[in-house]
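The values are calculated or read from the model by the stated rules, or taken from the named source; none is laboratory data. In this text the structure is predicted, and so the values were computed from the model without any measurement. Counting neighbours? That spans all protein chains shown, and the Cβs are built from the backbone with ideal geometry, glycine included. Heads up: the accessible areas ignore ligands, DNA and RNA and are worked out on the full protein's heavy atoms, side chains in. Shrake-Rupley method; radii C 1.70, N 1.55, O 1.52, S 1.80 Å.
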Amino acid sequence: MTLRDEAVELLQRLIRLDTTNPPGNETAAAELLREYLEASGVACELYAKVPERANLVARLRGGDGPTLALLSHTDVVVADAGEWERDPFGGELVEDEVWGRGALDMKGEVAASAVAIASLAREGWRPNGELIFVAAADEEVGDGFGLQWLVDAHPDAVRAEYSLNEGGGERLDLDGRGFYLCATAEKMSAPFRLRVHGRSGHASMPGIADNALLKASVLVQRLGEYRPEPRAEPEVVALLETVTGRGLDDPHELLPAARGIDAVLASLVEPLLGPTFAPTMISASQKRNVVPAVCEVVVDSRLLPGQRPDEQHALVRSILGPGEYELEPIEAQGGTRSPIGGPLWDAVAGFVAEKEPEAAVVPICVPGFTDSHWVRDAFGTVAYGFFPARAMHPAQAALLIHSANERVPVEDLDLGVRFVRHAARALLG
Ligand SMILES: [Zn+2]
């Protein structure tokens, strides 16, 4: 059996375990992985805050060198079978693609990482340091059963100098040259509530009231029209300088430079030039005939790494202007970055150079966030999102993730196994 077949079979078995979060039930996946890995002589430990939501940590120990953690999650988002052409939990192999919920996000990478560490163990390879594989629960909801909890409750189990995770690895084709995105940073998720005040009254005589919903709509409009003053963050500058082959020191040049090359590139760069505000939820009166005295708008907002929520508040007030409203932060998470360069970067670049010598690796900041920020925050880990994908166009993959008919090309699964093996050997001898 080839490593490729092994990865396909393991992925099929993982997809067939329904780990839709909520409720998760990731223990089934952790046990399957333990059985698979122990058969190849890899030591495994399950850590669970509650019995049905276990995290698996597998490790290969060697010398005193650094630790590389392969991070992943085993939970998936809900799948509505009615929308799918095939059973979302069937794990069918059709024309060299494995179908099912989680194929891309991210049971494919789980399977590839497991096959990589199992195969290295069987070959008798031992790291000069430590190679660990973490298959965590609860990434999609983040209720505190997964990596966040592991980092807090069992830091010694997951502490690492370097880590690889989801969030990058897509291949962009720009003017015939390949560029692989390596996610070295993530924006901060900092949603807030905008509460607008008015005065209630009977809706048949709107003039006697002060409609909070109407007042909110003006403010929502202002948020929608806001365009930030662009900032030149290191990831965007390095990305565009590599792609264009010229220096870009004026932040105002960045978006036009991206637009001049490719629309997909421009859509990637645009949210990385400043904070974003996306009003997504609104509530006002509970009765059709009562003019609302209060209207609440939930605004999804993402800040650049390093921007703080108090900066965000001052900015929002300057966008909205004076008025009868208040801002209430909901939470603030993420917003971390790792250096571009060093041994992990070299491992990624070395793999790309070997597989596609004309291509280049470029850094990217992720507009959303992944579990990587937990280890960056807790341990200062150099954490990258990189799992190479070139058989499927990134625009197609983006449409399938969290959507119907999710599937992964076997070609990319195989490339992933090879990448993880390469990274482990390059970094850990
Ligand atoms: Zn994911």
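Per residue of the stretch 299-308, what does 6.51 cos²θ - 1.76 cosθ + 1.60 with θ = phi - 60° give for ³J(HN,Hα)? Whole Hz please, x for Gly and Pro, Karplus curve as stated.
Here the 3J(HN,Hα) series is 10, 6, 9, 10, 9, 5, x, x, 6, 10 Hz.
Residues with beta-carbon under 11 Å from that of Leu131, excluding Leu131: net charge, scoring Lys, Arg +1 and Asp, Glu -1?
+4
Among Ala203, Ala58, Ala284, determine the one that fluctuates most according to a GNM of the chain built with springs between C-alpha atoms less than 10 Å apart.
Between Ala203, Ala58, Ala284, it is Ala203 that shows the largest mean-square fluctuation.
Stretched out fully, how many nm does the piece from Asp310 to Ala153 gain, at 0.36 nm a residue minus the Cα gap?
Additional length available on full extension: 53.6 nm.
Please list 378-389, 141-152 highest first by mean number of surrounding beta-carbon atoms within 10 Å per residue.
Most protected by this proxy first, the peptides run 378-389, 141-152.
Could you work out what % of the accessible surface of the chain is carbon and sulfur, using a 1.4 angstrom probe and leaving DNA, RNA and ligands out of the count?
50
Can you compute the modelled spin-label distance between Asp175 and Glu411, with each label point 7 Å from Cα toward Cβ, in nm?
2.5
Using Cα springs under 10 Å in a Gaussian network model of the chain, which residue among Ser40, Ser163, Ser204 shows the largest mean-square fluctuation?
The residue with the greatest mean-square fluctuation here is Ser204.
How much length is gained on full extension from Asp64 to Glu92, taking 0.36 nm per residue of separation minus their Cα-Cα distance?
Gain on stretching Asp64 to Glu92: 5.8 nm.
Between the stretch 206-269 and the stretch 42-102, how far is it from one alpha carbon centroid to the other, in angstrom?
35
Compute from the Cα atoms of the chain the Rg and the Dmax, the latter being the longest Cα-Cα distance, and quote both in angstrom.
23.4, 81
Stretch Ala332-Asp250 to full length: gain in nm at 0.36 nm per residue minus the Cα-Cα span?
That pair, Ala332 and Asp250, stretches by 26.6 nm at full extension.
Amide H neighbours of Ala48 under 5 Å, at least 5 residues apart or on other chains, H built in the peptide plane: list them.
Long-range HN contacts for Ala48: Asn55.
At a Förster radius of 51 Å, what calculated FRET efficiency corresponds to the Cβ-Cβ distance of Arg231 and Asp5, to the nearest 0.05?
Once the sixth-power term is evaluated, E becomes 0.60.
Separation between the Ser217 and Arg195 pseudo-spin-labels, each 7 Å from Cα along Cα→Cβ, expressed in nm?
Once both label points are built, they end up 2.4 nm from each other.
Amide H neighbours of Leu104 under 5 Å, counting only residues 5+ apart in sequence or on other chains, H built in-plane at 1.01 Å?
Long-range HN contacts for Leu104: Arg407.
Only helical DSSP H runs with n ≥ 4 go in: add -39500 (n - 2.57) per run for the chain, normalise by residue count and round the 222 nm mean residue ellipticity to 500 deg cm²/dmol.
Only helices count here, giving -11000 deg cm²/dmol.
Pop out the ³J(HN,Hα) list for the stretch 408-413 in order, Karplus 6.51 cos²θ - 1.76 cosθ + 1.60 with θ = phi - 60°, rounded to Hz; leave Gly and Pro as x.
10, x, 4, 3, 6, 4
Grab the beta carbon distance between Thr242 and Ser204, set R0 = 56 Å, and tell me the FRET efficiency rounded to 0.05.
0.35
Can you return the lysines within cross-link range of Lys355? Criterion is Cα-Cα under 29 Å, with same-chain partners fewer than 8 residues away left out.
Lys107
Per residue of the stretch 102-109, in order, report the coupling 6.51 cos²θ - 1.76 cosθ + 1.60 (Karplus, θ = phi - 60°) as ³J(HN,Hα) in whole Hz, putting x for Gly and Pro.
Per-residue couplings from phi come out as x, 4, 9, 10, 9, 5, x, 5 Hz.
Work out the length of the dipole vector of the stretch 197-351 about its Cα centre, built from +1 on the beta-carbon of each Lys and Arg and -1 on the beta-carbon of each Asp and Glu, and round it to the nearest 20 debye.
Dipole about the Cα centre, nearest 20: 640 debye.
Viscosity 1.002 mPa s, temperature 20 °C: Stokes-Einstein D of the stretch 306-393 from its Kirkwood Cα radius, in µm² per second?
D, rounded to a whole number, is 130 µm²/s.
Using 7 Å Cα-to-Cβ label points, what is the Glu83/Gln396 separation (nm, one decimal)?
1.9
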